[in-house]
Amino acid sequence: MAFRFIVIFALLSFAFGGSKATLTKEELHWKSVFPHTKMPKSLQAVLPIPGESIPFKGDAGLDNKGVNDPEFGAYSYGDDSENLPGESITFKGDADPDNKGANDPEFGAYWYGDDSENLPANRKALGGKSINDYTATKETIYFFEDTLLPGTKVFLQRLLQESDTTKFLPRQIAESTPLTNGELSQILKKFSLKPESKGASYVKNTVKNCERPEMRGETKYCASSLETFVDSGVSILGKNIKLLSNEIGDETKNPSFKIGKGVRTVGGNEVVCHKMTYPHAVYLCHSIEGTEVYKVPLVSDDGTKVKAMAVCHKDTSAWSPNHIAFKILKVKPGTVPICHFLGRDTLVWVSN
């Protein structure tokens with residue numbers, strides 16, 4: 001009997017020892033920082049595949065992706081009048097996602113002018129201050145905080161977009177190619193991108209995002225490795241944090257939803273991480289003072305249930321007056337909280 005227990009113990013020890021030995025560097029790093037917390041599936045999905053090189057080569061990998069994240073243009077909080085077309089509210093030049101339309105409500109200050117009359121129909125959002133009859137027949141972009149009520153109709157086409165499957169780089173490789181304008185020519189060469197190609201325009205936009213100055217009340221970083229993603233989040237919020245994401249169970253093709261019961265705030269200490277359109281996984285993460293994160297239960301017209309992430313910015317006084325949100329909602333900077341849902345692949349650090 002004793003011999004049997006010894007054999008069982010040895011087998012269990014081998015099993016646990018073996019499983020530890022198979023952990024990747026990224027998984028070991030996660031365990032070293034959060035020893036009692038399992039890595040979320042949303043983060044597991046973007047881990048580099050051991051022994052596999054970056055699969056992307058050439059321009060085709062970015063051509064049809066469009067702007068995947070509704071905050072791809074986080075730099076649009078500021079004002080870069082040099083790049084404002086001043087006459088149109090559609091994408092210009094090589095960065096135009098073509099068949100995707102303007103998926104990104106915050107690409108704004110670099111790509112949108114001041115002519116609010118030219119807002120295309122699919123940019124309409126919940127507007128007005130009455131909460132009696134909010135019906136979103138087109139894409140729901142920005143809305144007021146007091147509309148986060150059961151029964152509110154929202155139209156969230158971008159929440160159903162195909163998930164971006166690009167992976168993080170191993171830390172050593174990521175650190176060898178920093179996301180800076182000075183390295184741009186080498187980055188394009190590395191991914192076999194012609195400087196004037198559409199793919200190159202996405203790369204340039206990501207680099208520009210990562211290099212832009214922080215606006216007042218904002219702390220930001222860009223991460224192209226798991227280690228940077230985790231360590232930078234910890235440096236801002238501390239170790240007592242958790243990572244949240246949109247929870248989409250059964251897939252649905254119906255973008256029409258109603259807000260269900262149980263809308264709840266999950267904190268005001270946050271770092272929102274937007275996945276950029278890039279040959280490998282790059283997250284632009286930023287924490288903005290006065291931002292509240294919500295978990296919002298949604299039910300589609302076909303009965304599919306989703307738990308979506310939304311944020312409300314309480315203080316928009318530092319935003320450019322040209323920001324598209326003010327045109328949609330017809331308000332001025334710093335007057336009322338402005339809310340929006342987060343894109344499918346967005347991740348959010350919040351304090352426990």
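The values are calculated or read from the model by the stated rules, or taken from the named source; none is laboratory data. Only a predicted model underlies this, so the values are computations on that prediction, with no experimental measurement involved. Heads up, the Cβs are rebuilt from the backbone with ideal geometry, glycines too, and the neighbour counts pull from every protein chain shown.
Condition check: in contact with a Ser or Thr (Cβ under 8 Å, 6 or more places away or on another chain), of a type in the set (Val, Ile, Thr), buried (at least 22 other Cβ atoms within 10 Å of the Cβ) and in contact (Cβ under 8 Å) with a residue 40 or more places away in the chain. Does Thr277 satisfy that? Explain how you work it out, then say what you get.
Working: in contact with a Ser or Thr (Cβ under 8 Å, 6 or more places away or on another chain): yes; of a type in the set (Val, Ile, Thr): yes; buried (at least 22 other Cβ atoms within 10 Å of the Cβ): yes; in contact (Cβ under 8 Å) with a residue 40 or more places away in the chain: yes.
For Thr277, the condition - in contact with a Ser or Thr (Cβ under 8 Å, 6 or more places away or on another chain), of a type in the set (Val, Ile, Thr), buried (at least 22 other Cβ atoms within 10 Å of the Cβ) and in contact (Cβ under 8 Å) with a residue 40 or more places away in the chain - is met.
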Problem set entry | Lone qualifier among Thr316, Thr335, Thr265 - being among the β-branched types (Val, Ile, Thr) and under 26 Å from Val234 (Cβ atoms) | Thr265
Exercise. Is it the case that the range 312-319 has a residue that's among the polar types (S, T, N, Q), under 25 Å from Ala45 (Cβ atoms) and modelled with pLDDT under 95?
Worked result: no
For this session: State all residues of the range 256-274 that are buried (at least 22 other Cβ atoms within 10 Å of the Cβ) and over 14 Å from the mean Cα position of the chain (by Cα); if no residue qualifies, say none.
Result: Phe257
Seminar exercise, completed: Per the list (1) surrounded by fewer than 15 Cβ atoms within 10 Å (Cβ to Cβ); (2) part of a strand (DSSP E or B), residue check on Lys253 breaks on (2)
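Each row is one residue, and each column tells you yes or no for (1) among the small types (Gly, Ala, Ser); (2) surrounded by fewer than 18 Cβ atoms within 10 Å (Cβ to Cβ); (3) part of a loop (DSSP other than H, G, I, E, B).
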site: Pro150; (1), (2), (3): no, yes, yes
site: Leu159; (1), (2), (3): no, no, no
site: Ser163; (1), (2), (3): yes, yes, yes
site: Ala174; (1), (2), (3): yes, no, no
site: Leu179; (1), (2), (3): no, no, yes
site: Lys194; (1), (2), (3): no, yes, yes
site: Ala200; (1), (2), (3): yes, no, no
site: Arg216; (1), (2), (3): no, yes, yes
site: Tyr221; (1), (2), (3): no, no, no
For this session: Could you check how many residues of the range 231-251 are closer than 18 Å to Val296 by Cβ and among the polar types (S, T, N, Q)?
Result: 2
